[in-house]
Protein chains: 2
Amino acid sequence: MTTRTVEQHAQHVAELLAPLHTRPGEEIPLGEALGRALAADVHSPVDLPLFRNSQMDGYAVDAASITTVPVMLPVRGVIAAGPAEPVTHLPGTAYRIMTGAPVPPGADAIVPVEDTVTSDGEVRIEKTRSAGEFVRERGSDVRAGTLLLAAGSLLAARHIAVLAAVGLQRVSVRPRPRVAVITTGAELVDAGSALRPGQIYDSNGIALASSARANGAEVVSIARSTDDPAEFRTLLAEAVLTADVVLTSGGVSMGDFEVVKETLSPLGAQFAHVAMQPGGPQGTAVVNGVPVLNFPGNPVSTLVSFEIFARPDIRRAAGLPPTEAVEGPLAAPLTSVRGKRQFLRARRTDTGVELVAGPGSHLVAAMAWADVLVDVPADVTALDAGQLVKVIPL
Amino acid sequence: MTTRTVEQHAQHVAELLAPLHTRPGEEIPLGEALGRALAADVHSPVDLPLFRNSQMDGYAVDAASITTVPVMLPVRGVIAAGPAEPVTHLPGTAYRIMTGAPVPPGADAIVPVEDTVTSDGEVRIEKTRSAGEFVRERGSDVRAGTLLLAAGSLLAARHIAVLAAVGLQRVSVRPRPRVAVITTGAELVDAGSALRPGQIYDSNGIALASSARANGAEVVSIARSTDDPAEFRTLLAEAVLTADVVLTSGGVSMGDFEVVKETLSPLGAQFAHVAMQPGGPQGTAVVNGVPVLNFPGNPVSTLVSFEIFARPDIRRAAGLPPTEAVEGPLAAPLTSVRGKRQFLRARRTDTGVELVAGPGSHLVAAMAWADVLVDVPADVTALDAGQLVKVIPL
């Protein structure tokens, strides 16, 4: 079996997953676009505001007619917000006008209702206003043709608001990568089943599916295979029909019943020992043009494999920003195995980065209690308390 | 109309929304629990590992039999991972064993396959091992009864993994607050419709719904009313049948056609002028026991009202952490209106907090371009470049 560094295997996986990044944008209803990334720039098809309108409830006037106050003006009518035949302002008169209603041509200021007294078809204006006051000019927010939101923008409520305001019903967003998950192992049973000796509950299926979803993927299927190659082959053939990438767990190690390795090796899969802990045994294949990543089956190995090898490209494909590694001081000294890059489970606390339990790849509860992976380079064998280490947020 | 500070109105809204926080937990399938908050502590129902098992593919031995190496041991059989009748180890013999398979009673160490040579029913062991090596003891990750995850934990993939590993099919999570949205205004039409003079596209419905969803709510309905009180009353009556809280936009100001105010005032609603910009006119009501928050209709006022008054309690009800305000230096001086707390749209840039366009509550594109609200206290009228201001992330 070939040996690779983490960087070499990550590079190899990135090449396999490259087709995820060239899928065309997907047109979806705006109401479903929250959290998605725009696939293309959006230019405004219209001016905003769409028309010159009132910022206040009050009276539309021409400022020249109210330079001396108080002044009485005849009220020619009411302009409500809503569809209506346009009217024209006559100097020396006023229209009662509501917020958002079109300001009639000829009027150039709004007197807020608080500064007026109405009586018998006339309004008494008590404060002067300059031309333009409380008038929202057409296009004063955005002009038709202006770049509204750039490709890649992650759509929050305020972005959806402006896309709706310019009248868009649908937007083109980065497609979610479609992920299929297949776990393997004769020992795996569903939660809720009675356990026979030697059996355990399958956690990798739901864990990989949740990891994929949390990073922007759509999970198209979750399946489980025994160690029977025919069964695994059938599940894989189904998975590649709908998935952009298939993730498997288990069956890639040194045992007698390595169903993934046995099935995929004849199909040109690569199985490598990657110089890392956890997650050493890794495989990759391409089946019917679909990349297949074969992670080891220990629950922690599976989750760490996802974080290191799958997460970056799945996030990028979905248009999500990368998860940036940060630095923190170790709360206590640690030792590491020479020649293997270690990803140790830890928590960030007030006293620094504290390891959670040991390095065992079966410690799935400890993994749950961690909030970072400490990334210890392969050539480091010991670190002191207080030394800065690279940590990968989970 | 009464006048309130932002703090007073926020306190009033918090009292109205208090029932959101006492709803019982909701039992959901684990596969749907990603991102949800646990409603109760979860203690492990089982030990993890469930049984003593092998960490390696190799040979199960008793360490006392391999103190001198190399040594040949007869191989009594193969223990695969998976359901099987338990076997017992005899000193001086070995079982071929796979990762995850039960270690037979009597055996206390695993010799990795790499350190062995097999021939004709015997295995040659080339390295000594201490008792316990590569054996995962039952309960060494977590013991039955141990607190696995505390109430309030936000479920990420690794949490779902451990919950699955201990055999849980369902978890009790904080229920999503059910939000209904009703926008009002005769001027509003659906995106895609032809616009008549005076009409605009409704953006508040989708904006409030997206804001609610982004903060953990389930949106049960989005409706739109004209300025006809009968229509609004009907929509409201429908909304309170399924919602925990109803959000409305528009119809609360000083105009002639304030449908929300007209409809709800006789029902004991409170309408207040809150000393803030944008978002001054605010209303609240309780209809059939369901709290109703009445936001003003300008798109920016609506969004800011949600952020200031609805977001904190909706997030808390869903079990999401509060959005913490942070501080940043102003990139340029600004002025503010005395007596009103201003929430100015701004971006955080390398040069500091930069305002995006002006304070107008119709500037919905500018709102989209912002990533924070600058929170300027009511008694502040001017701030210099470089002064630290409180900013609320959007």
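Points worth noting:
- Inter-copy label distances for residue B:238: 4.0 nm (label point placed 7 Å from Cα along Cα→Cβ; shortest first).
- Ligands, DNA and RNA are left out, and with a 1.4 angstrom probe the accessible area of chain B is 39 Å² per residue.
- Using the alpha carbons alone, the radius of gyration of the range B:326-393 stands to its Kirkwood radius in an Rg to Rh ratio of 0.93.
- This model, with +1 at the C-beta of Lys and Arg and -1 at the C-beta of Asp and Glu, gives the range A:113-157 a dipole about its Cα centre of some 340 debye.
- The range A:118-144 and the range A:20-66 have Cα centres separated by 23 Å.
- Backbone phi angles across the range B:314-331, fed through the Karplus curve with coefficients 6.51, -1.76 and 1.60 (θ = phi - 60°), yield HN-Hα couplings of 5, 4, 5, 4, 7, x, 8, x, x, 7, 7, 5, 10, 10, x, x, 5, 7 Hz in residue order; Gly and Pro are listed as x.
- Amide H contacts of residue B:71 (H built 1.01 Å from N, in plane; Pro and chain starts excluded): B:125 sit under 5 Å, all sequence-distant by 5 or more or on other chains.
- When the inverse distances between all different Cα atoms of chain A are averaged and flipped, the Kirkwood radius reads 25.6 angstrom.
- Residues in the range A:206-227 that, when all protein chains are in place, have 30 Å² or more less accessible area than the chain alone would give (probe 1.4 Å): A:206, A:210, A:213
- The range A:291-394, accessible surface, carbon-and-sulfur percent (1.4 angstrom probe): 54
- Beta bridge orientation in the protein assembly as shown: antiparallel %, DSSP, nearest 5: 65
- Here the range B:271-363 is treated as a sphere whose radius is the Kirkwood value from Cα pairs; by Stokes-Einstein at 4 °C and 1.567 mPa s it diffuses with a coefficient of 86 µm²/s.
- Summed over qualifying helices (DSSP H, 4 residues or more, each -39500 (n - 2.57)) and divided by its residue number, chain B shows a 222 nm mean residue ellipticity of -5500 deg cm²/dmol.
- Distant-in-sequence amide H partners of residue B:201 (H built 1.01 Å from N, under 5 Å): B:189
- Computed Kirkwood radius, in angstrom, where 1/r is averaged over Cα pairs of the protein assembly as shown: 29.8
- If you take all other residues with their beta carbon under 10 Å from the beta carbon of residue A:114, and give Lys and Arg +1 and Asp and Glu -1, the sum is -2.
- Computed magnitude of the charge dipole of the protein assembly as shown (debye, nearest 20; Cβ of K, R +1, Cβ of D, E -1): 240
- Debye, to nearest 20: dipole size of the range A:53-136, +1 on Lys, Arg Cβ, -1 on Asp, Glu Cβ: 80
- In this assembly, the B-A interface accounts for approximately 6100 Å² of buried accessible surface in total, computed with a 1.4 Å probe and without ligands, DNA or RNA.
- Farthest toward positive dipole pole in the range A:212-269 [+1 Lys/Arg, -1 Asp/Glu at C-beta], among A:252, A:240, A:269: A:240
- Cα centroid separation - the range B:91-109 against the range A:1-16, whole Å: 34
- Cut-off under 5 Å, modelled amide H: who pairs with residue B:336 long-range: B:382
- Distances between equivalent label points of residue A:126 across the copies, with each point positioned 7 Å along Cα→Cβ, amount to 10.0 nm, shortest listed first.
- Axis of helix A:204-214 versus longest Cα principal axis of chain A: the two differ by about 30°, to the nearest ten degrees.
- Per-residue HN-Hα couplings for the range A:76-93 [Karplus 6.51, -1.76, 1.60; θ = phi - 60°; Hz; x = Gly/Pro]: 8, x, 10, 10, 8, 5, x, x, 6, 5, x, 10, 10, 7, 10, x, x, 10
- The rotation axis taking chain B to chain A passes closest to the C-beta of one chain B residue; that residue and the distance in whole Å read B:35, 5.
- Karplus (6.51, -1.76, 1.60) ³J(HN,Hα), θ = phi - 60°, over the range A:358-369, in Hz, Gly and Pro reported as x: x, x, x, 7, 9, 7, 6, 5, 4, 4, 5, 7
- Span from the the range A:342-369 Cα centroid across to the the range B:307-346 one, whole angstrom: 35
- Teacher prompt: residue B:388 distances to equivalent labels in other copies, 7 Å Cα→Cβ, nm: 2.3
- Sorted from longest to shortest, the spans of the Cα atoms of the range B:53-136 along the three principal axes equal 33, 27, 22 Å.
The values are calculated or read from the model by the stated rules, or taken from the named source; none is laboratory data. What you are looking at is a predicted structure, and each value in this text was computed from that prediction instead of being measured. Here the Cβ is made from the backbone with ideal geometry for all residues, glycine too, and neighbour counts use every protein chain on show. Calculation scope for accessible area: heavy atoms of the full protein, side chains included, ligands and nucleic acids excluded. Shrake-Rupley method; radii C 1.70, N 1.55, O 1.52, S 1.80 Å.
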